[in-house]
Structures are given as structure tokens and as C-alpha cells.
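> One structure, as C-alpha cells, below. Some questions next.
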């Protein structure tokens, strides 16, 4: 079974997207809008109104190998984020300043 490199992108501890593969064949997958809205709410709550304050909180994980085809990994990771970061979890992250 093939494996693919996966890199996750977070704003503080709130996930925003992930990248499957590497190089020109890499596929960037943005998580649903509710994740972006949670990031924006949290940044506003923290009064991060200038660009530098906002941008310095972004981070990428080290690459992780996942088994499966590109499509399978994308589907599995989307489901995992939807399950692990329900609305309650995102609300808790917002209340905690984006920190788990």
C-alpha cells in the first residue's frame, strides 16, 4: 500500500489545513469554514488586530507518513478533524485563546 507525507497547519492549536504529498503533486486541503471562523474569533478575542500578531501564531507540523492513496488519506483526515474538533471543542479552544 502506498504512503504519503502529510503536514498539518495550525493557528495555535486550531487546525486550518493539511497538505498531502510533496512537491508539485502535493494537495492542499483546507478544512471547512467553521475552522477558519474559529481562528478569526479567537484572534479577535485575543485582540490580535495587527498582521504580525496574527501571522506569528501559524505553525506547520513535521511531516507524518500516512498509508493509503491520496484520496483515501484526504477523506480519512477530513473525517478525523470533523470528529476530533466538533463545535464544542472549537468553542473550548476559542475560550482558551486557541491553546488546548
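> Checking the condition assigned to a helix (DSSP H, G or I) and touching a strand residue (DSSP E or B) at 6+ places or on another chain (Cβ under 9 Å), which residue from 39, 19, 9 passes?
Residue meeting the stated conditions: 39.
> Against the condition in contact with a strand residue (DSSP E or B) (Cβ under 7 Å, 6 or more places away or on another chain) and surrounded by 12 or more Cβ atoms within 10 Å (Cβ to Cβ), how does residue 94 come out, does it pass?
no
> Right, here's the next one. Six or more apart or on different chains, Cβ atoms under 9 Å: show the pairs whose first residue is in the stretch 45-64 and over 22 Å from residue 91 (Cα atoms) and whose second is in a loop (DSSP other than H, G, I, E, B).
What qualifies is 63/22.
> Tell me, please, whether a residue that is free of Cβ contacts under 8 Å to residues at least 60 places away in the same chain, within 17 Å of residue 58 (Cβ to Cβ) and over 13 Å from the mean Cα position of the chain (by Cα) can be found in the stretch 6-17.
Within the stretch 6-17, none of the residues are free of Cβ contacts under 8 Å to residues at least 60 places away in the same chain, within 17 Å of residue 58 (Cβ to Cβ) and over 13 Å from the mean Cα position of the chain (by Cα).
> Do we have any residue at all in the stretch 50-64 that's in contact with a helix residue (DSSP H, G or I) (Cβ under 6 Å, 6 or more places away or on another chain) and over 28 Å from residue 3 (Cα atoms)?
Yes, there is a match, as at least one residue in the stretch 50-64 is in contact with a helix residue (DSSP H, G or I) (Cβ under 6 Å, 6 or more places away or on another chain) and over 28 Å from residue 3 (Cα atoms).
> Out of the residues in the stretch 50-75 meeting the condition of being part of a helix (DSSP H, G or I) and surrounded by 14 or more Cβ atoms within 10 Å (Cβ to Cβ), tell me which one is modelled with the lowest pLDDT.
70
The values are calculated or read from the model by the stated rules, or taken from the named source; none is laboratory data. Worth saying up front: this structure is predicted, and the values here are computed from it rather than measured. We place every Cβ from the backbone using ideal geometry, glycine too, and count neighbours over all the protein chains shown.
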